[in-house]
Amino acid sequence: MHSGGVFRGLTIGEFAQLTHLSVRTLRRYHESGLLEPASVDPASGYRYYTADQIPAAQVIHRLRELGVPLNDVAKILATEDAAERADLAGGHLRRLEEELDRTRAAVVSLRRVLRPGDDGLDVELRAVAAKTVAAVEGVVDHDDVLARYGEAMAELDAAVAGLPPLGPPGGRYANELFTGGRGAVLVYRPVADPPARGTGAARGAAGRRARRRRPFRIP
């Protein structure tokens with residue numbers, strides 16, 4: 001864009017067209033520090049980009065299409081170490097493979113439910129000793145439980161990477177989730193010395209939902 005004979009750069013709209021990133025996404029990337037404009041007009045607040053920033057924007061676009069978390073995208077862009085980039089990409093690949101395994105397990109379970117002639121599953125009620133686990137908890141709508149479970153497991157996988165598992169993952173669900181359509185859900189992985197990561201919040205299609213990731217004692 002030219003202003004008074006001076007070339008300021010590409011407007012955010014022009015840059016969005018060239019990179020196939022929406023204006024809203026570019027604003028969010030600026031606010032997070034992932035992709036900052038070359039300059040910002042102090043009077044108008046308009047953002048301006050340069051052609052040199054297009055390759056980085058295209059890399060970000062491709063990585064986000066592949067589901068790479070924003071934090072990992074930032075680390076990949078920040079490092080010049082090929083081994084570190086490969087390790088970050090490999091971590092995401094492992095999360096995708098684990099998510100695929102969970103999806104396949106869900107498909108097998110659903111097929112069993114849909115076979116009316118098959119024998120029912122054996123159910124055993126037993127008491128187990130309390131144990132400390134890494135957990136993600138939040139309040140969700142019933143329709144979002146499966147999606148939230150997958151998100152929480154991916155978050156836990158990243159948080160406890162490298163820690164030996166001490167048992168299978170699982171979840172606890174408040175009665176209100178089934179009686180009222182919305183309730184507390186806690187998804188966990190039993191590991192030794194689970195890390196504490198504080199509190200946070202996320203907004204999804206179902207509205208605002210609080211979540212916390214921390215060590216938790218069950219049952």
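Laboratory data are not the source of any read-out in this text; all were calculated from the coordinates shown. Note that the coordinates shown come from a computational prediction; the quantities given were computed from them, not determined experimentally. A quick note on method: Cβ atoms are made from the backbone with ideal geometry, for glycine too, and the neighbour counts reach across all protein chains shown.
Quick look at the numbers
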{"read-out": "Inter-centroid distance (Cα atoms) of region 18-46 relative to region 71-150, Å", "value": "33"}
{"read-out": "Loop GluC sites (Glu not before Pro), region 1-110 (other Cβ atoms within 10 Å of the site Cβ: 13 or fewer; DSSP)", "value": "Glu80"}
{"read-out": "Ile54, Ile60, Ile12 arranged by Cβ crowding within 10 Å, fewest neighbours leading", "value": "Ile54, Ile12, Ile60"}
{"read-out": "Burial ordering of Thr11, Thr103, fewest other beta-carbon atoms within 10 Å first", "value": "Thr103, Thr11"}
{"read-out": "Sorted by Cβ neighbour density within 10 Å, fewest at the top, the residues Leu156, Leu66", "value": "Leu66, Leu156"}
